[in-house]
1. What pairs come up if the first residue lies in the range 42-54 and is modelled with pLDDT of 75 or more, the second is in a helix (DSSP H, G or I) and of a type in the set (Asp, Glu), and their beta carbons are under 7 Å apart, counting only those six or more places apart or on different chains?
2. Among (1) surrounded by fewer than 13 Cβ atoms within 10 Å (Cβ to Cβ); (2) at pLDDT 85 or above; (3) touching a helix residue (DSSP H, G or I) at 6+ places or on another chain (Cβ under 8 Å); (4) not hydrophobic (A, V, I, L, M, F, W, C), which single condition is Tyr246 missing?
3. Being among the hydrophobic types (A, V, I, L, M, F, W, C), under 18 Å from Phe225 (Cα atoms) and touching a residue at least 24 places away in the same chain (Cβ under 8 Å) is the requirement here; does Phe18 meet it?
4. Take the residues of the range 227-243 that are surrounded by fewer than 14 Cβ atoms within 10 Å (Cβ to Cβ), free of Cβ contacts under 8 Å to residues at least 60 places away in the same chain and assigned to a helix (DSSP H, G or I): which is nearest to the chain's Cα centre (by Cα)?
5. Taking the residues in the range 55-70 that are surrounded by 18 or more Cβ atoms within 10 Å (Cβ to Cβ) and of a type outside the set (A, V, I, L, M, F, W, C) as candidates, determine which candidate is modelled with the highest pLDDT.
6. Taking the range 118-147, which residues are surrounded by 17 or more Cβ atoms within 10 Å (Cβ to Cβ) and either closer than 25 Å to Ile191 by Cα or under 17 Å from the mean Cα position of the chain (by Cα) (or both)?
7. Hey, does the range 22-42 have a residue that's out of contact with any His (no Cβ under 9 Å at 6 or more places or on another chain), outside any helix (DSSP H, G or I) and crowded, with 21+ Cβ neighbours inside 10 Å?
8. What pairs can you find where one residue is in the range 175-189 and part of a loop (DSSP other than H, G, I, E, B), the other is of a type in the set (A, V, I, L, M, F, W, C), and their Cβ atoms are less than 8 Å apart, with a gap of 6+ or different chains?
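The values are calculated or read from the model by the stated rules, or taken from the named source; none is laboratory data. Just so it is clear, the structure is predicted and the values come from calculations on it, not from any experiment. Glycine gets a Cβ as well: all are built from the backbone with ideal geometry, and neighbour counts include every protein chain shown.
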Amino acid sequence: MSYLQAIILGIIQGLTEFLPVSSSGHLVIAENLFGLHDGAENLSFTVVLHIATVLSTLLALRTEVFNLCKGVCKFQWNDEMEYAWKIIISMIPIFIVGIFFKDTVENIFGSGLLIVGICLYVTAALLFFAYKAKPRNKEDIGWLDAFIIGIAQAIAVLPGLSRSGSTIATGLILGNEKESVAKFSFLMVIIPILGEAILDCKELLTLGDSDSQWGVITAGFLTAFLVGYMACKWMINIVKKGKLIYFAIYCALAATLSIILYCL
């Protein structure tokens, strides 16, 4: 992998982790276009990019994260403690899938262009229904809503099914307020992604001791971090303005490209 390819993949990860268009799906498409077929190296690089976008989330939502941690550290039932428990509830489905069914899901569905294309079409449909959903603007995300949004996140382990798109669309369809569901979507993924990254860190050892390879990784990491920070802020404003229909159209086009590349 060259420096240019790493930077491009970093830009793709930084943008698509927060925009509802599937980061995993776009990385699969980009890696195929670049002819990158080293599975171990690609997985290790992807882990690093995910860590970068988690850190960019912490920076972009630092006020919310700080207030949440401050409230929880009071060790009493308050709004922050309730919010933290809702995030924990939302993580139950992805925890179950990640621990018990991740390998099964990957073996059944794989991560090729065909499944990416199909899942991108599903993402497009979800975003379309969210755009058409009648707004009810619940003030707070309820306990059941948190769990249902968590189920959407668990299903989004499939490549091409956008995690942010699935969770935000589900939250909006359930009638939650736009900005609150966007922030909840970004906060709820921090611990699962970090947990998965820690479990997959052993894959980094497959890269060997090549200084040039670690230089490439650093370039991708920094790019994903900076672009991810900007994309996180941008996405919250996009959701507030209700512009998800454009991403539905984009996902449908990307899905069509994925299918075409699969057929070539």
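1. Val47/Asp200; Val47/Glu203
2. Among (1) surrounded by fewer than 13 Cβ atoms within 10 Å (Cβ to Cβ); (2) at pLDDT 85 or above; (3) touching a helix residue (DSSP H, G or I) at 6+ places or on another chain (Cβ under 8 Å); (4) not hydrophobic (A, V, I, L, M, F, W, C), Tyr246 violates only (3).
3. yes
4. Checked the range 227-243; the qualifying residue nearest to the chain's Cα centre (by Cα) is Asn237.
5. The extreme case among them is Ser56.
6. Across the range 118-147, the qualifying residues are Cys119, Leu120, Tyr121, Val122, Thr123, Ala124, Leu126, Leu127, Ile141, Asp145, Ala146.
7. The answer is yes, given that some residue of the range 22-42 is out of contact with any His (no Cβ under 9 Å at 6 or more places or on another chain), outside any helix (DSSP H, G or I) and crowded, with 21+ Cβ neighbours inside 10 Å.
8. Gly175/Ala133; Val189/Val54
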